[in-house]
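Please read the structure below before turning to the comments.
No lab work stands behind these numbers, since they all come straight from the coordinates. In this text the structure is predicted, and so the values were computed from the model without any measurement. As a convention, Cβ positions derive from the backbone with ideal geometry for all residues, glycine included, and neighbour counts pool all protein chains shown.
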Amino acid sequence: MKVLIFGSGGREHALAWAVARSPRVTEVVCAPGNGGIAQIARCVPADLKDVEALVRVAEAERPGLIIVGPELPLSLGIVDALQERGLRVFGPTRAAAMLESSKGFAKRFLQRHKIPTANYAVCTTAAELEKAVELFHPPIVVKADGLAAGKGVVICQSRRTAIEAGHGLFTGALLGDAGQQVVVEEFLEGDEISFLCLTDGKSVVPLVPAQDHKRIGEGDTGPNTGGMGVYSTDAMLDPHMTEWIMHHIAEPTVRGMAEEDTPFSGVLYCGLMMTARGPQVLEFNARFGDPETQAILLRLESDLVDALEACIDGTLGEISLRWSPGASACVVASSAGYPGSYKTGLPITGLSDAARVPGVQVFHSGTSKLGNQILTGGGRVLGVTAAAPSLEEALMRAYEAIALIEFEGVYYRRDIGHRALKRKP
Ligand SMILES: Nc1ncnc2c1ncn2[C@@H]1O[C@H](COP(=O)(O)OP(=O)(O)O)[C@@H](O)[C@H]1O
Ligand SMILES: [Mg+2]
């Protein structure tokens with residue numbers, strides 16, 4: 001079978017790597033891909049913002065399975081367009097992807113279905129915003145409604161700054177694009193967990209949990225990024241808590257979407273805050289996370305293609321996933337200056353030495369290939385990922401491998417997973 005993957009990041013490299021391991025797969029094509037993906041798949045150019053262009057790639061390739069990596073094409077209706085042409089695609093329709101593409105939609109949905117989430121108000125005018133802010137105690141969370149690539153959430157220490165942030169989102173001063181809706185939300189305290197599930201619209205199968213590190217600096221300081229590292233262990237969620245999240249969050253979400261005639265199939269990514277009152281939904285994503293996918297797929301022993309096809313065919317109820325016990329960790333190497341401006345086109349060395357460290361896979365996030373030389377091509381450049389029987393060993397392997405990699409100004413956090421290590425009895 002030929003598999004086509006849309007996307008160009010570390011998530012897509014991990015997907016391509018997992019798909020290529022399936023004995024059923026004869027060819028992997030990635031549009032547009034990156035320098036690392038090009039080593040295991042055929043890359044074809046594509047603009048992820050252009051649904052018609054992506055459809056043309058799919059029609060030319062006629063793959064047996066299409067996987068959509070990023071949120072933007074999902075929110076633009078790529079799945080609907082491919083389904084209309086009779087192509088087999090893994091991912092939610094545009095209407096179902098609204099769980100991610102509109103935070104206002106998601107909050108109202110959660111409330112309708114009594115799924116635990118922070119108290120909130122959805123505001124459409126500045127006057128509504130000012131009134132809503134009066135009802136909350138600082139810190140107050142102010143969120144853009146639409147996709148904002150991790151830049152749409154402001155945590156405000158006073159009502160005045162919350163109103164300013166809301167105005168900034170309405171006028172476009174904060175994000176560039178003017179927002180139609182702004183969500184004002186209660187501040188929640190606790191540990192964050194990424195709880196990803198596969199679903200065919202009826203059955204829900206959880207993946208192993210993961211914890212992301214969003215801030216650029218060690219000790220969770222400095223500005224937000226796309227994610228500087230992630231780890232996954234069995235100990236993060238005990239079976240009882242996993243069952244609770246399935247019964248009170250993941251399954252009612254999938255059931256609710258089906259009841260409302262917008263069945264959701266694909267990856268339901270529940271971003272959870274583990275509060276004193278129990279798990280609460282911070283947000284949904286409608287796709288695999290990046291870099292969570294790198295750490296999660298390194299632990300997957302089952303055939304990913306079988307599982308994704310079951311989501312398309314409505315047969316996920318017959319599937320159970322096998323995972324390697326223990327842990328995995330992914331440490332992201334980024335360009336100097338990220339998440340601000342940074343240089344690209346810098347040569348990277350040490351990649352094959354790093355890949356020889358036992359248990360390690362080096363997934364490329366932002367690279368290009370010039371002849372045989374891999375060059376930096378983004379803010380996040382590489383996700384050095386390792387699996388091992390324990391988190392300590394997985395981290396040791398990932399850090400041993402990343403230390404072998406060099407490019408001008410390479411930066412990575414030295415404290416990925418440290419909070420979990422400290423918490424251990
Ligand atoms: N209600 C909240 N209370 C505390 N922190 C929050 C809350 N909502 C969001 N955050 C923080 O902001 C981050 C980004 O918010 P999220 O809703 O996940 O939006 P996005 O991923 O689209 O930027 C979260 O990972 C979390 O750290
Ligand atoms: Mg998030």
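Below is a table of values for the structure above.
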| quantity | calculated |
| --- | --- |
| Percentage relative contact order, the chain, counting C-alpha pairs under 8 Å, at least six apart | 16 |
| Taking the C-alpha atoms of the range 271-364, convex hull volume expressed per residue in Å³ | 199 |
| From phi via Karplus (6.51, -1.76, 1.60), per-residue ³J(HN,Hα) for the range 86-102 in Hz, x at Gly/Pro | x, 8, 8, 10, 9, x, x, 5, 4, 5, 6, 5, 4, 4, 9, 7, 9 |
| Lysine pairs meeting the criterion (Cα under 18 Å, 8 or more apart or interchain), as found in the chain | 9 |
| Estimated distance in nm for a label pair at F187 and K114, the labels positioned 7 Å out from Cα along Cα-to-Cβ | 3.1 |
| Pair A127, R160: separation of 7 Å Cα→Cβ label points (nm) | 2.5 |
| Local net charge near R322, Cβ-Cβ under 10 Å (Lys/Arg +1, Asp/Glu -1) | -1 |
| Calculated P(r) of the range 2-94 - Cα pairs past 22 Å, % | 16 |
| At R0 = 45 Å, FRET efficiency that the Cβ-Cβ distance of E84 and S390 yields, to 0.05 | 0.40 |
| Mean separation of Cα contacts under 8 Å (6+ apart) over length of the range 272-344, as relative contact order % | 25 |
| Convex hull volume of the chain per residue (C-alpha atoms, cubic angstrom) | 138 |
